[in-house]
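Reading through the structure tokens given below for one structure.
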Amino acid sequence: KSAYTAVYDKLKPELDLGIIKVKKMGWFHIMVHDGRPWEDEHVDVIMYYLRKKAKHSTNIRTRYLTTDSVFMSWLLGDEILWEESNCDMSSISPNHCVGQYMRGYNLIANIPWDRVDNIIPVNVSECFHWILVVFRIKHRCLYIYVSKMGDENHTEMVKQAVESIARMIPLFFSSIGYYGKRSDIQWHMEPAYFDKSEMEPLEYKLQRNIPQQHPYSNFKIFNVFSDSGLYACVFAELTHGVFEIPSQCFMPKLHRKRYGALLWAYATSKLSEGAISEGEVSGKFASKLGEPSINRDIVRDCQKIQMPFLRPRVYK
């Protein structure tokens, strides 16, 4: 049920958040107030701004990239095709959507995987729960951040999702010729790659001593942990040193308000200043299949907007 009547729920004009345009106040209400889980769009918007931060900031020691909520759906779909073809590698193509993600297409503010570590938000749809997977390529390992482990069935569904990622990423790396592109990694000298074939599944480790959802503070419907999307986004910031939060002092209500206020301020200031999003500022966007970039229509008063909670904006 919407928190507003039909009249007050409409945003006029709508607010542009780069990858989506918000038309209803209810979108922000869900983000800011506890009691309802975030939708895919909320997590995708946060991950988009983290991508922008990593791409444009010169102060981040570890470069990283995020994916979106659709990435896991494509990966699971490709896994099914691969299994149905009796593990025929011809079903793993660089032109499949997963391969396009890895090559630096399909997402705004995206770069190829051969330059960075990767943050993968995963909605384990079978148990309605968000987890975060950080792929540190030099370690050849997936680091798993789970805000609450449920019963045995819940734990098994989380494990299956992680194992799908661990199995499929090396297959696509082999398909796109990834291993010859990282000049900063001496593959034959890295302990994590000793005696490993290119297509061997990745290792994974469950992270301990991280903030956890309180077992009695979550509104649950069909085993929904209402803050799991929020926790996944905060974990993405924590893992690369954006800020540090002691586990015992973590306050999800404050982070909901933080994200909601920052995005509202960003969108309204962008509207008042007549600015447009990064993909349009460049005048070009990346082709899905790797062809030369295509010019966008020329837009007047193009201004480059930085993330408001990262550093002061610098306009062109």
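If R0 is 35 Å, the Cβ-Cβ spacing of MET199 and HIS33 corresponds to a FRET efficiency of close to 0.15.
With a 1.4 Å probe rolled over the protein heavy atoms of all chains, the accessible area of ILE131, ILE20 falls in the order ILE20, ILE131, largest first.
Give, in nm to one decimal, the length gained when the segment between TRP187 and LEU76 is fully stretched (0.36 nm per residue of separation minus the Cα-Cα distance). Here the segment from TRP187 to LEU76 would lengthen by 37.2 nm. In the context of the full protein assembly, LYS205 retains an accessible surface of approximately 100 Å², using a probe radius of 1.4 Å and ignoring ligands and nucleic acids. The listed residues SER85, SER147 rank as SER85, SER147 when sorted by accessible area, largest first, using a 1.4 Å probe.
Report the label-to-label distance for ARG258 and SER57 in nanometres (one decimal), using points 7 Å from each Cα along the Cα→Cβ vector. About 1.2 nm, to one decimal.
For region 1-149, the ratio of Cα radius of gyration to the globular rule of thumb 2.2 N^0.38 Å stands at 1.21. For the cross-link pairs LYS21/LYS257; LYS10/LYS148; LYS21/LYS52; LYS23/LYS257, which exceed 24 Å when the distance is taken from alpha carbon to alpha carbon? In this structure, LYS10/LYS148 lie more than 24 Å apart at Cα.
The values are calculated or read from the model by the stated rules, or taken from the named source; none is laboratory data. All values derive from a computational prediction rather than experimental measurement. Virtual Cβ from ideal backbone geometry, glycine too; neighbours counted across all protein chains shown. Heavy atoms of the whole protein, side chains included, go into the accessibility calculation; ligands, DNA and RNA do not. Shrake-Rupley method; radii C 1.70, N 1.55, O 1.52, S 1.80 Å.
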